[in-house]
Amino acid sequence: MSGFPVFASRRVRSTPFSARIEASGLSAYTVYNHMLLPASFASLEEDCAHLKRAVQIWDVAAERQVQIKGRDARKLAVMMSARDLTKAVPGKGYYTPICMANGGMLNDPIALCIADDLFWFSIADSDMLLWAAGLAHAYQLEVEISEPDVSPLAIQGPLANQVMAEVFGEAVTALKFFAFDYFTWRGHKLMIARSGWSKQGGFEIYLHDSTLGLQLWDDIWEAGKEYDMRAGCPNLIERIEGGLLSYGNDMTREDTPLECGLEKFCQLESGHEFIGKQALLNQREAGLKKRIMGVHIHGDKIAPITKIAPCTIQGQTCGFVTSAVYSPDFDLNLGLAMLASEQAENGRQIEVEIDGQRRPAMICELPFKKGK
Ligand code: THG
């Protein structure tokens with residue numbers, strides 16, 4: 001990592017919550033969807049341990065919404081999504097890969113059906129607005145594509161229910177996984193979902209007016225005091241342990257959802273037609289050449305990797321590690337790796353080269369399981 005600060009600007013946008021996270025122990029930013037995304041507070045390890053035992057408030061405004069509105073909104077959303085959204089209902093979110101015609105992944109958003117003629121794609125880090133606008137133009141669809149003033153704020157961790165109930169009322173805790181509903185706060189209608197980029201459980205508030213950001217933060221912060229709430233962010237250790245893949249890191253346009261282990265989010269059997277379907281069917285028929293797996297990297301504790309780490313088996317290249325970090329709970333260096341299918345077998349020994357140093361490593365299934 002460079003260690004140099006990142007300046008905000010019109011291109012590298014700050015968020016409605018930036019002032020608060022910067023006053024709450026932020027130590028590093030990353031950039032996501034041309035916006036600042038907090039990456040660390042006390043330290044990755046301390047943040048991870050706290051996330052697992054208490055509750056955190058996350059500025060995830062960088063998860064931008066691509067809004068598709070109009071008569072053909074569903075038609076476009078369906079065309080873009082590997083997951084079948086033809087019967088998507090208002091009030092539900094659907095995690096879905098988005099592919100190019102060759103099956104390569106462009107993004108892996110949560111598609112939110114707001115109304116029959118209104119969909120949001122809560123996107124990972126790539127310019128999906130351009131793709132949506134290009135398709136709308138090419139297919140002459142009756143839709144408007146925009147990026148609305150919507151800033152997700154996540155409350156994550158085992159005590160999330162308690163904090164949310166205090167601010168929004170007990171009813172919010174009845175939300176089912178990936179469902180959303182509307183709750184009144186200071187006279188404003190807020191959209192809240194049970195979701196978030198951790199395995200610890202929690203909520204995401206889709207704040208629809210950035211001028212309310214600081215007040216919303218302050219109210220939640222106040223309620224969080226008795227629950228040891230801290231400011232946090234998607235945590236590298238926790239998400240690798242849980243096998244949550246990061247677009248741009250673990251999957252890119254070079255990879256298909258099948259290679260990324262996301263087949264269960266692709267409806268290939270039904271009559272659902274979407275961009276990339278034929279390529280995925282062909283790939284499945286021909287057999288996958290590579291697939292994502294876990295790796296245990298032996299030796300001393302590593303620093304998080306910032307570029308791919310080549311993998312070899314008896315001197316032969318067999319793929320690369322895309323993300324890796326030391327996990328205190330596993331007491332192991334854990335990595336995610338894109339590996340040649342013929343080598344991608346649980347228990348197989350390989351070597352991983354990190355910063356010019358070769359280390360022995362072992363391939364394992366995802367998600368990681370303790371004691372294996
Ligand atoms: N929340 C919102 N927007 C987002 C993310 C988010 N946009 C960017 C990124 N994260 C999108 N990617 C994911 C990836 C995985 C999940 C959510 C968003 C996720 N997966 C569940 C899991 O793997 O356990 C399962 C999902 C399911 O079963 O449907 O939560 O986090 N607003």
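The values are calculated or read from the model by the stated rules, or taken from the named source; none is laboratory data. Keep in mind that this is a model prediction, so the values were computed, not measured. FYI the Cβ positions are ideal-geometry reconstructions off the backbone, even for glycines, and counts take in every protein chain you see. Protein only, heavy atoms only, side chains kept; ligands, DNA and RNA dropped before computing areas. Shrake-Rupley method; radii C 1.70, N 1.55, O 1.52, S 1.80 Å.
Distances longer than 16 Å among the Cα atoms of the range 116-162: what percent of all pairs is that?
56 percent
Compare Arg239, Arg83 by solvent-accessible area with a 1.4 Å probe and give them largest first, with all protein chains kept in place.
Output order, biggest surface exposure first: Arg83, Arg239.
Could you work out how much longer the chain between Tyr139 and Arg358 gets when fully extended? Use 0.36 nm per residue separation minus the Cα distance between them, nm to one decimal.
Here the answer is 73.8 nm.
Give me the percent of Cα-Cα pairs in the chain that sit more than 34 Å apart, rounded to a whole number.
That tail contains 29 percent of the Cα-Cα pairs.
For the chain, what does the accessible surface come to per residue with a 1.4 Å probe? Please give it in Å².
Using a 1.4 Å probe on heavy atoms only, each residue of the chain averages 45 Å².
If one computes P(r) from the Cα atoms of the range 258-372, what percent of pairs lie at distances over 18 Å?
52 percent
Go through 268-275, 3-10 and give me the packing order, highest mean Cβ count within 10 Å leading.
Packing proxy ranking, top to bottom: 268-275, 3-10.
Return the distance in nm (one decimal) between the two label points of a simple spin-label model at Val89 and Val31, each offset 7 Å from Cα along Cα→Cβ.
Those two pseudo-labels are separated by 4.3 nm.
Taking all protein chains together and a probe of 1.4 Å, list Val31, Val143, Val150 from the most accessible to the least accessible.
In descending accessible area the options line up as Val31, Val143, Val150.
Defining a contact as two alpha carbons under 8 Å apart and six or more residues distant in sequence, what relative contact order in percent does the range 118-263 show?
Once divided by the residue count of the range 118-263, the mean separation gives 21 percent.
Describe numerically, in nm with one decimal, the distance between label points set 7 Å from Cα along Cα→Cβ at Ser146 and at Ala101.
According to this spin-label approximation, the distance is 3.1 nm.
Out of the total accessible area of the chain (probe 1.4 Å, heavy atoms of protein only), what percent is carbon and sulfur?
Carbon and sulfur together cover 51 percent of it.
At 7 Å along Cα-to-Cβ for each site, give me the label-to-label distance between Thr306 and Leu130 in nm.
2.5 nm
Can you list the HN-Hα couplings for the range 88-100, worked out from phi with the Karplus curve (6.51, -1.76, 1.60; θ = phi - 60°), rounded to whole Hz and with x for Gly and Pro?
So the J values, rounded to whole Hz, are 4, 10, x, x, 10, x, 9, 6, 8, x, 10, 10, 7.
At 4 °C and 1.567 mPa s, grab the translational diffusion coefficient of the range 11-79 from Stokes-Einstein with a Kirkwood Rh over Cα pairs, rounded to a whole number in µm² per second.
It comes out at roughly 91 µm²/s.
Provide the FRET efficiency to the nearest 0.05 for the Lys225-Ser341 pair, computing r from the beta carbons and using R0 = 45 Å.
Once the sixth-power term is evaluated, E becomes 0.30.
How much length would be gained if the chain were fully extended between Phe7 and Asp331, taking 0.36 nm per residue of separation minus their Cα-Cα distance, in nm to one decimal?
Net length gain for the segment: 113.1 nm.
Just to be sure I understand: if I project the alpha-carbon convex hull of the range 110-218 onto a plane and average over all orientations, what area do I get in nm²?
7.9 nm²
Before rounding to the nearest 500, sum -39500 (n - 2.57) across all DSSP H runs of length at least 4 in the chain and divide by the residue total; then give [θ] at 222 nm in deg cm²/dmol.
Calculated from helices alone, the mean residue ellipticity at 222 nm is -5500 deg cm²/dmol.
Between their Cα atoms, which of Lys87/Lys289; Lys75/Lys189; Lys69/Lys176 are more than 30 Å away from each other?
Over 30 Å apart, Cα to Cα: Lys87/Lys289.
How would you rank 73-82, 165-174, highest first, on the average number of other Cβ atoms within 10 Å across their residues?
Order by mean packing, descending: 73-82, 165-174.
Quick one: if you take sqrt(5λ) for each eigenvalue of the C-alpha gyration tensor of the range 55-190, what semi-axes come out, biggest first, whole angstrom?
Each semi-axis is √(5λ); the values are 29, 16, 14 Å.
Using each residue's phi in the range 233-245, evaluate 6.51 cos²θ - 1.76 cosθ + 1.60 at θ = phi - 60° and report the 3J(HN,Hα) Karplus result to the nearest Hz, with x for Gly and Pro.
6, x, 9, 4, 5, 4, 6, 6, 3, x, x, 7, 7
Which order do the peptides 57-68, 304-315 come out in when sorted by mean C-beta neighbours inside 10 angstrom, highest first?
Output ranking for 57-68, 304-315: 57-68, 304-315.
Specify the residue with the greatest mean-square fluctuation among Asn107, Asn161, Asn282, computed from a Gaussian network of the chain linking alpha-carbon atoms under 10 Å apart.
Maximum fluctuation in the GNM of the chain, among the listed residues, is at Asn282.
Using only the alpha-carbon atoms, what does the range 8-127 span along each of its principal axes? Please give whole angstrom values in decreasing order.
45, 35, 29
Report the dimensions of the range 195-266 along its three principal axes from the alpha-carbon atoms, largest first, rounded to Å.
The Cα atoms of the range 195-266 stretch 44, 27, 20 Å along the principal axes, largest first.
Report, in whole Å, the centroid distance computed from the Cα atoms of the range 36-89 and the range 253-304.
Between the Cα centres of the range 36-89 and the range 253-304 lies a distance of 20 Å.
Regarding the range 326-372, what whole-number volume in Å³ per residue does the convex hull of its Cα atoms give?
With only Cα atoms used, the range 326-372 gives 87 Å³ per residue.
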